[in-house]
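First up is the structure itself, then whatever we jot down about it.
The values are calculated or read from the model by the stated rules, or taken from the named source; none is laboratory data. Since the model is a prediction, treat every value here as computed from it, not as a measurement. For neighbour counting, all protein chains shown are included, and Cβ atoms are generated from backbone atoms with ideal geometry for every residue, glycine included. Please note that ligands, DNA and RNA were not included when accessible areas were found on the heavy atoms of the full protein model with its side chains. Shrake-Rupley method; radii C 1.70, N 1.55, O 1.52, S 1.80 Å.
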Amino acid sequence: MADPRGRVLVVIPTYQERDNLGPVVARLHAAVPEADVLVVDDASPDGTGELADEMAAADPRIKVLHREGKQGLGAAYLAGFAEALRGDYQVVVEMDADGSHPPEDLPALIAALDDADVVLGSRYVSGGVVRNWPAHRQLISRAGNLYSRVALGVPIRDITAGFRVFRRQVLEELDLDQIASQGYCFQIDMAWRAVLAGFRVREAPITFTERERGASKMDTSIVAEAFWRVAYWGVGRLLRRTPVVLRADRPAADPPPPERPAEPTGGGAVSDGTVRT
């Protein structure tokens, strides 16, 4: 049965994910059979792109976008968003290929769009779970989220989350051409822009599981980029007194509303922008 919210496209960036891609897409289609998948492959040396082509030849729900060389996570998602907007997709999903984002949680994330514009699959709200992640990775993740939350003044507990769902209108209205962030920082950037644009952002709990096959793409440059970009945005917010939330029915020139405390429970709204329909 087609989703009443409209056609769904799941964008999955890949680099060296040949062992993971097939099982993840199979689980995805078991959970959301009507979803289309766009694999955005950065010329993976291990043959991920070729495998994706074989999968696409066997299943019309699968499409492949090949890019020349490793260009980064943010650029891959932006290319996927552009493809989605050229089609008639009304719901666009970000999801990793490594199995850390459980496709079984996707129906609940999509359902949460009933009263939201962006839904973040969160590890750090009530009901969220992290499994088999090394302690140092959890420390980096939690510290980065706390740092971003304080610097940007938004009560999103998992702003670096990479499993998220957008209404089409969000991607149409955000100035995606101005986004140059990568890695964790790309996820922070997108959520921050959505909040400032007045869209309603919600977090919904997921079970995050460390990859079983392949190597993580995390490195120190990704952490460093997030640190300095968030610092720059945070200083700019303070100097310009940028509102924490810009409601669609209140002009930006009005005084900003008081900051709201972070919500301790899952499934709550983290910005009070008007839900777009």
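Structure values in brief
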| quantity | calculated |
| --- | --- |
| Residues (touching a Pro at 6+ places or on another chain (Cβ under 8 Å) and not in a loop (DSSP other than H, G, I, E, B)) located in the stretch 9-26 | V24 |
| Some residue of the stretch 157-169 being in contact (Cβ under 8 Å) with a residue 24 or more places away in the chain, part of a helix (DSSP H, G or I) and under 21 Å from I12 (Cα atoms) | yes |
| Residue match in the stretch 134-146 (condition: in contact with a helix residue (DSSP H, G or I) (Cβ under 9 Å, 6 or more places away or on another chain), of a type outside the set (D, E, K, R) and at pLDDT 95 or above) | no |
| Number of the exception - E259 against (1) of a type in the set (D, E); (2) at pLDDT 90 or above; (3) in a loop (DSSP other than H, G, I, E, B) | (2) |
| Members of the stretch 85-104 that are surrounded by fewer than 17 Cβ atoms within 10 Å (Cβ to Cβ) and among the acidic types (D, E) | D88, E104 |
| Search result, residues across the stretch 27-84 that are open to solvent by 20 Å² or more (accessible area, probe 1.4 Å), touching a Lys or Arg at 6+ places or on another chain (Cβ under 7 Å) and not in a helix (DSSP H, G or I) | A43, D46 |
| Of the criteria (1) at pLDDT 95 or above; (2) under 21 Å from R229 (Cβ atoms); (3) open to solvent by less than 30 Å² (accessible area, probe 1.4 Å), which one L109 fails | (2) |
| Positions within the stretch 1-26 being aliphatic (A, V, I, L, M) and either within 16 Å of F163 (Cα to Cα) or open to solvent by less than 20 Å² (accessible area, probe 1.4 Å) (or both), in sequence order | V8, L9, V10, V11, I12, L21, V24, V25 |
| Selection from the stretch 114-131 of residues that are of a type in the set (S, T, Y) and closer than 14 Å to F163 by Cα | S122, Y124 |
| Pairs, first under 27 Å from T220 (Cα atoms) in the stretch 180-209, second open to solvent by 10 Å² or more (accessible area, probe 1.4 Å) and aromatic (F, W, Y), C-beta under 7 Å, six or more apart | W192/W233 |
| Filter pass, G127 being under 16 Å from the mean Cα position of the chain (by Cα), assigned to a loop (DSSP other than H, G, I, E, B) and either buried (at least 22 other Cβ atoms within 10 Å of the Cβ) or not hydrophobic (A, V, I, L, M, F, W, C) (or both) | no |
| Residue that is surrounded by fewer than 21 Cβ atoms within 10 Å (Cβ to Cβ) and either assigned to a loop (DSSP other than H, G, I, E, B) or at pLDDT 90 or above (or both), where the choices are A180, A204, A194 | A180 |
| Checking I188 against (1) open to solvent by 10 Å² or more (accessible area, probe 1.4 Å); (2) under 12 Å from the mean Cα position of the chain (by Cα), the condition it does not meet | (1) |
| Residue list for the stretch 23-43, restricted to those being small (G, A, S) and out of contact with any helix residue (DSSP H, G or I) (no Cβ under 7 Å at 6 or more places or on another chain) | A26, A30 |
| Among the residues listed as E172, E212, the single one being among the acidic types (D, E), open to solvent by 40 Å² or more (accessible area, probe 1.4 Å), under 27 Å from T14 (Cβ atoms) and at pLDDT below 90 | E212 |
